[in-house]
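Visitor: The structure's right below; bear with me while I get my questions together.
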Amino acid sequence: METAKQLSVKLVNKPGRLASMLAALNKGKVNFRALAVMDSGERGTIRFVPDNCDAAVKVLKQTNIAYDATNVLLVEVPSQSGAFRKICERLAADHLNIDYAYCSFFSEGGAKGGPMAVFKVNDLAKAQKVLSENGATSASRRKPGRRPVHTR
């Protein structure tokens, strides 16, 4: 698990706009660790985690494409049923809101690992702490919405 810089751009929703931006980034030797494209009516929103944020920003500026940058959390999702759900439950149990999430192209662990998920949360440091505790994807610690029972 690690934090990374994500760039978000809004492009006019017309044929070729996304391809043009991707071609410019490719020419600037920018690769993607993760990429999500969403339709927003007149404009599409593209969120991506570049392998080299400085190079990506340089290309976007040269091509006059406005962008926003934010820090996100990259979490390896084990290749097992319910693994993504368990990560979400751990965050919810500690009252962390997931603003959005999407998955990456590849795993940091190679073929043996699962995909990486990108999480934009309301408290990045707290989310990192919660998920780095033993059993990061184990939801057994607390159930969402439930308070621990205190006994004397």
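The values are calculated or read from the model by the stated rules, or taken from the named source; none is laboratory data. In this text the structure is predicted, and so the values were computed from the model without any measurement. Note: ideal-geometry Cβ built from the backbone for every residue, glycine included; neighbour counts use all protein chains shown.
Visitor: Restricting to the range 11-35, give me the number of residues that are assigned to a helix (DSSP H, G or I) and over 24 Å from PRO115 (Cβ atoms).
Guide: Counting residues in the range 11-35 that are assigned to a helix (DSSP H, G or I) and over 24 Å from PRO115 (Cβ atoms) gives 6.
Visitor: Let me ask another. Are any residues in the range 73-100 out of contact with any helix residue (DSSP H, G or I) (no Cβ under 8 Å at 6 or more places or on another chain), buried (at least 18 other Cβ atoms within 10 Å of the Cβ) and assigned to a strand (DSSP E or B), and if so, which ones?
Guide: Within the range 73-100, LEU74, GLU76 meet the criteria.
Visitor: Still on this structure: Out of all the residues in the range 1-21, is one or more modelled with pLDDT under 95, hydrophobic (A, V, I, L, M, F, W, C) and under 12 Å from the mean Cα position of the chain (by Cα)?
Guide: yes
Visitor: Now a separate question. Would you please name the residue that is surrounded by the most Cβ atoms within 10 Å (Cβ to Cβ), looking only at residues in the range 107-134 that are at pLDDT below 65 and part of a loop (DSSP other than H, G, I, E, B)?
Guide: Filtering the range 107-134 for residues at pLDDT below 65 gives 107-114, 134.
Pick out the ones that are also part of a loop (DSSP other than H, G, I, E, B) and you get 107-109, 113-114, 134.
Details: SER107: 16, GLU108: 15, GLY109: 12, GLY113: 14, GLY114: 18, ASN134: 6.
Among those that are at pLDDT below 65 and part of a loop (DSSP other than H, G, I, E, B), it is GLY114.
Visitor: Could you give every pair whose Cβ atoms fall below 8 Å, whose first residue belongs to the range 56-72 and is free of Cβ contacts under 8 Å to residues at least 60 places away in the same chain, and whose second residue is among the charged types (D, E, K, R) and surrounded by 13 or more Cβ atoms within 10 Å (Cβ to Cβ), counting only separations of at least 6 or pairs across chains?
Guide: Close Cβ pairs (under 8 Å, with a partner that is among the charged types (D, E, K, R) and surrounded by 13 or more Cβ atoms within 10 Å (Cβ to Cβ)) amount to ALA66/LYS10.
Visitor: I'd like the residue in the range 36-66 that is part of a strand (DSSP E or B) and of a type in the set (Ser, Thr, Tyr) and, out of all such residues, is surrounded by the most Cβ atoms within 10 Å (Cβ to Cβ).
Guide: THR45
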